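Everything on this sheet refers to the single structure shown next.
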Amino acid sequence: LAWAYETGRGVARDYAAAFYWNERAAKNGFALAQDNLARAYKLGRGVERDYAAAVDWYQKAMEIELSEPPEARPHAPGAATHGLALMYASGLGVDRSFDQLHELLRQSASRGESAAIRHLRALYGSRDDALSLGRDFRRGDPDDGIWEEPEEAYFLLSIATELGDEMAASHLSAIDLK
């Protein structure tokens, strides 16, 4: 039901209703709902944006996620671990930590999470890889400051910037994480 409200499939899109149903399932230990709740807090969908709460829910979901075999969640085998990694990458709700980021990405990628694999590729690839991947998360005109996944874009463009890419630095300055 939460998914239907979040996506607008079969019902009118209603983030508050999606949050309500995800919260009920999350409090009963359902990892996917905990991951969805973390994302809702991170993005401010159906609830006031709260990065600390997002981190807490990602951690709860990750504990369950890592205790299950990856095939238990074939469509998102390491999603919560990956979500928490991005919080460490951007410093939202936690102190920025490359060590934590790397360890969480490695754990998520080892479970088959494609986004974590892509991010590890950016970390170990060239600045062009990181710039290209970061720019993939823009929506519309790259100069309008609107990003589909601002935390993910920030993470990837930060890598390219640290590797000396001036274009990445200009894109990075246009992302508003708050």
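Summary table
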quantity	calculated
Of all residues in region 11-32 being of a type in the set (Gly, Ala, Ser) and modelled with pLDDT under 95, the one that is nearest to VAL94 (Cα to Cα)	ALA31
Evaluation of ALA2 against (1) modelled with pLDDT of 95 or more; (2) crowded, with 22+ Cβ neighbours inside 10 Å; (3) of a type outside the set (Ser, Thr, Tyr); (4) more than 17 Å from SER90 (Cβ to Cβ) (one fails), failing number	(1)
Selection within region 15-31 - within 20 Å of GLU48 (Cα to Cα) and open to solvent by 60 Å² or more (accessible area, probe 1.4 Å)	TYR15, TYR20, TRP21, ARG24, LYS27
Cross-chain or 6+ apart pairs with Cβ under 9 Å, region 21-42 first and touching a residue at least 60 places away in the same chain (Cβ under 8 Å), then open to solvent by less than 70 Å² (accessible area, probe 1.4 Å) and not in a helix (DSSP H, G or I)	LYS42/ASP50; LYS42/LEU92; LYS42/GLY93
Where a residue in region 91-116 is among the hydrophobic types (A, V, I, L, M, F, W, C) and its partner, wherever it lies, is open to solvent by 40 Å² or more (accessible area, probe 1.4 Å) and outside any loop (DSSP other than H, G, I, E, B), with Cβ under 7 Å and at least six apart	ALA109/ILE117
Residue count, region 5-40 (criterion: part of a helix (DSSP H, G or I) and under 21 Å from PRO77 (Cα atoms))	17
Unique match (being of a type outside the set (Phe, Trp, Tyr) and farther than 26 Å from ILE117 by Cα) among ALA31, ALA12	ALA12
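Residues are listed down the side, and each one gets a yes or a no for (1) out of contact with any strand residue (DSSP E or B) (no Cβ under 6 Å at 6 or more places or on another chain); (2) under 17 Å from LEU104 (Cα atoms); (3) not charged (D, E, K, R):
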{"residue": "GLY10", "(1), (2), (3)": "yes, no, yes"}
{"residue": "GLU23", "(1), (2), (3)": "yes, no, no"}
{"residue": "ALA26", "(1), (2), (3)": "yes, no, yes"}
{"residue": "ASP35", "(1), (2), (3)": "yes, yes, no"}
{"residue": "TYR51", "(1), (2), (3)": "yes, no, yes"}
{"residue": "ASP56", "(1), (2), (3)": "yes, yes, no"}
{"residue": "ALA61", "(1), (2), (3)": "yes, yes, yes"}
{"residue": "ILE64", "(1), (2), (3)": "yes, yes, yes"}
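The values are calculated or read from the model by the stated rules, or taken from the named source; none is laboratory data. The structure displayed is predicted, hence computed values, not measured ones. When we count neighbours, we look across all protein chains shown, and the Cβ atoms used for this are built from the backbone with ideal geometry, even at glycine. In case anyone asks, the SASA skips ligands and DNA or RNA and just uses the protein heavy atoms, side chains included. Shrake-Rupley method; radii C 1.70, N 1.55, O 1.52, S 1.80 Å.
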